Amino acid sequence: MQKAIIDDISPIADGVAALTLRGTTGPLAPWEPGAHIDVTLPNWLTRQYSLCGEPGSAGYRIAVRRERLSRGGSEYVHDHLRPGKVLDISAPRNTFPLLPAPEYLFVAGGIGITPVLPMLRAAAASGATTTLAFAGRSTPFADELRRAHGERVRFGRPDLPALAAALDPAALVYCCGPEPMLAEAEEVFPADRLHVERFRPRARTFEPDTAFEAVCARSGRTVPVEADESLLDALRFAGLPVAPGCREGVCGSCELRYLDGRPEHRDEIGAAEGRIYPCVSRSLSPRLTLDL
Ligand code: FES
């Protein structure tokens, strides 16, 4: 955890505010483009926000869109946070890293521009060819993008099939935005070159939840996980150290290593080999051995 003080909150687009944060005792932890932080709000809600400032600077910038159906997070940020307020924030975590490539296509919708902004800057600085297709009723940071990237930014609803047809064979595609945009991107771009970040999980159906046991190899504990509870909750109720965040399989804060068993991955991050996100994922085998 880090403590950060709000230096500034300013409206940057319709319903979107940008916050600049600085450490209360020194520079905040370093980060890479694509990273996000957990912000613990004074109303005890924890929300994840992509870092959209300049990596290497002492402070952070995040942007928050007021959600029409706010579950209490964005509304609180807009209505109650003011400069001078101190917040608990996590260290940066990156589940959407920018991989090296000679050419990039970035596709962003609305507030989905936030992780893309520093990625675009880093990609352009690396000498790669970059294109950003940016759509949305609200287009935060549009002026900043125009100034920095000129004609490499195309505003308006993108024709994704046409962009896919024209895609250079060596190009990577990074996409963040509303679910229909992400779903279409997953249909038209080659899966091995497409990277998406979801702020919310897709509506998907899974096998019925069943009970299993979590064997915690390091602590020597065996924790029963009932059919109606998550692996994360079972571990936390048993007093084991697992960090909760979004509880939706999108933020990565609860990541654990598993050593044996057959996990059923339900996250939206794309768990790496040997990793599991216990807030949503379960076990298909009667026992799942964790490195915990
Ligand atoms: S708490 Fe966010 S991925 Fe598990």
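Residues are listed down the side, and each one gets a yes or a no for (1) loosely packed, with under 15 Cβ neighbours inside 10 Å; (2) under 25 Å from Asp143 (Cβ atoms); (3) charged (D, E, K, R):
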| site | (1), (2), (3) |
| --- | --- |
| Gln2 | no, no, no |
| Ile6 | no, yes, no |
| Gly15 | no, yes, no |
| Leu21 | no, yes, no |
| Thr25 | yes, no, no |
| Ala29 | yes, no, no |
| Thr46 | no, no, no |
| Ile62 | no, yes, no |
| Val77 | no, yes, no |
Quiz item: Is it fair to say Gly136 is over 22 Å from the mean Cα position of the chain (by Cα) and open to solvent by 10 Å² or more (accessible area, probe 1.4 Å)?
Solution: no
Quiz item: Which members of region 267-281 meet the condition of being in contact with a Lys or Arg (Cβ under 7 Å, 6 or more places away or on another chain) and not acidic (Asp, Glu)?
Solution: Gly274, Arg275, Cys279, Val280, Ser281
Quiz item: Name the residues in region 54-74 that are more than 18 Å from Pro118 (Cβ to Cβ) and not basic (Lys, Arg), would you?
Solution: Glu67, Leu69, Ser70, Gly72, Gly73, Ser74
Quiz prompt | Among (1) farther than 30 Å from Glu255 by Cα; (2) in contact with a His (Cβ under 6 Å, 6 or more places away or on another chain); (3) of a type outside the set (Asp, Glu), the one test that Gly127 misses | solution = (2)
Quiz item: Any idea which of (1) over 19 Å from Thr40 (Cβ atoms); (2) of a type outside the set (Ser, Thr, Tyr); (3) over 14 Å from the mean Cα position of the chain (by Cα) is the one Lys85 doesn't satisfy?
Solution: (1)
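Name the residue that is nearest to the ligand (Cβ to nearest atom), counting only residues in region 257-290 that are open to solvent by 50 Å² or more (accessible area, probe 1.4 Å) and outside any loop (DSSP other than H, G, I, E, B).
Top of the filtered list is Arg275.
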Quiz item: In the list Glu229, Glu197, Glu268, Glu248, which residue meets the criterion of being touching a helix residue (DSSP H, G or I) at 6+ places or on another chain (Cβ under 7 Å) and within 23 Å of Arg71 (Cα to Cα)?
Solution: Glu197
Quiz item: Assuming Phe206 fulfils every condition listed in (1) at pLDDT below 95; (2) within 15 Å of the ligand (Cβ to nearest atom); (3) aromatic (Phe, Trp, Tyr) apart from one, which condition is it?
Solution: (2)
Quiz item: Out of curiosity, is Met119 closer than 19 Å to Glu268 by Cβ, in contact with a Leu (Cβ under 6 Å, 6 or more places away or on another chain) and touching a residue at least 12 places away in the same chain (Cβ under 8 Å)?
Solution: yes
Quiz item: Just checking, which of Tyr49, Tyr76 is within 16 Å of the ligand (Cβ to nearest atom) and either farther than 30 Å from Ala170 by Cβ or out of contact with any strand residue (DSSP E or B) (no Cβ under 9 Å at 6 or more places or on another chain) (or both)?
Solution: Tyr49
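Residue by residue, here is whether (1) out of contact with any helix residue (DSSP H, G or I) (no Cβ under 6 Å at 6 or more places or on another chain); (2) within 22 Å of Leu21 (Cα to Cα); (3) not assigned by TED's automatic domain parsing to the domain that holds Ile12 holds:
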| site | (1), (2), (3) |
| --- | --- |
| Arg65 | no, yes, no |
| Val77 | yes, yes, no |
| Asn94 | yes, yes, yes |
| Leu98 | no, no, yes |
| Ala108 | no, no, yes |
| Thr114 | yes, yes, yes |
| Arg121 | yes, yes, yes |
Quiz prompt | Count - residues of region 207-224 that are over 17 Å from Glu255 (Cα atoms) and hydrophobic (A, V, I, L, M, F, W, C) | solution = 3
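The values are calculated or read from the model by the stated rules, or taken from the named source; none is laboratory data. The structure presented is a predicted model; accordingly, all values stated were derived computationally and were not measured. Please note: Cβ atoms are built from the backbone with ideal geometry, for glycine as well, and neighbour counts cover all protein chains shown. Quick note on the areas: whole protein, heavy atoms, side chains included, nothing else; ligands and nucleic acids left out. Shrake-Rupley method; radii C 1.70, N 1.55, O 1.52, S 1.80 Å.
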